[in-house]
Amino acid sequence: QVQLVESGGGLVQAGGSLRLSCAASGRTFSRYYMGWFRQAPGKEREFVAGCNWNGGITYYTDPVKGRFTISRDNAKNTVYLQMNSLKPEDTGVYYCAADYTLADWPKSDRYEYEYWGQGTQVTVSS
């Protein structure tokens, strides 16, 4: 019902910043709970950040709190992940995910999301 296209990944030095974008194509984008996940080589895909329908309620995994910010612009059908003070351990493939719900509670399990983007590579060097 919704297609997700990500952009903004790249190579940055430790301490630098990146802004990821996820453009959604589909009806009633504002009814979707949106999340960001990441996967490092040899590791399971892990939750990074999530937000409810209007971005007023947000959740973050502990390692990124204070450094990452999730936001959304429903008029543009887009969700963002601003990443500051990047560390080498932030390296991985970042995925945008969506679930058709107006829930405002944490959704930190990958199996709670129905739709996924293709992923974009983020590499942080020392």
Tally, over region 19-50, of residues that are in contact with a Gly (Cβ under 6 Å, 6 or more places away or on another chain), within 14 Å of G92 (Cα to Cα) and buried (at least 21 other Cβ atoms within 10 Å of the Cβ): 2
Unmet requirement for Y95, which otherwise passes all of (1) out of contact with any Phe, Trp or Tyr (no Cβ under 6 Å at 6 or more places or on another chain); (2) closer than 18 Å to V124 by Cα; (3) hydroxyl-bearing (S, T, Y): (1)
All positions within region 1-18 that are open to solvent by less than 30 Å² (accessible area, probe 1.4 Å) and modelled with pLDDT under 95: V2
Lone qualifier among Y100, Y111 - being closer than 19 Å to Q1 by Cα, without any contact (Cβ under 8 Å) to a residue 12 or more places away in the chain and open to solvent by 30 Å² or more (accessible area, probe 1.4 Å): Y111
Test: residue in region 62-70 that is touching a Lys or Arg at 6+ places or on another chain (Cβ under 7 Å), at pLDDT 95 or above and within 18 Å of T120 (Cα to Cα): no
Enumeration of residues in region 1-56 that are touching a helix residue (DSSP H, G or I) at 6+ places or on another chain (Cβ under 9 Å) and in a loop (DSSP other than H, G, I, E, B): A14, A40, E44, R45, W53, N54, G55
Among the residues listed as T69, T120, the single one being free of Cβ contacts under 8 Å to residues at least 24 places away in the same chain, touching a Leu at 6+ places or on another chain (Cβ under 8 Å) and not basic (K, R): T69
Region 71-97 - residue that is part of a strand (DSSP E or B) and open to solvent by less than 10 Å² (accessible area, probe 1.4 Å) and, of those, farthest from E114 (Cα to Cα): M83
Test: residue in region 105-124 that is more than 26 Å from Q13 (Cβ to Cβ) and either β-branched (V, I, T) or touching a helix residue (DSSP H, G or I) at 6+ places or on another chain (Cβ under 7 Å) (or both): no
Condition check for E44: under 21 Å from E114 (Cβ atoms), in contact (Cβ under 8 Å) with a residue 12 or more places away in the chain and among the acidic types (D, E): no
Region 95-116: number of residues that are within 16 Å of E46 (Cβ to Cβ) and not aliphatic (A, V, I, L, M): 11
Test: G56 is more than 22 Å from V124 (Cα to Cα), open to solvent by 60 Å² or more (accessible area, probe 1.4 Å) and of a type outside the set (D, E, K, R): yes
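The values are calculated or read from the model by the stated rules, or taken from the named source; none is laboratory data. Fair warning: this is a prediction, and the values are worked out from it, not measured in the lab. Note: ideal-geometry Cβ built from the backbone for every residue, glycine included; neighbour counts use all protein chains shown. Accessible surface areas use protein heavy atoms only, side chains included; no ligands, DNA or RNA. Shrake-Rupley method; radii C 1.70, N 1.55, O 1.52, S 1.80 Å.
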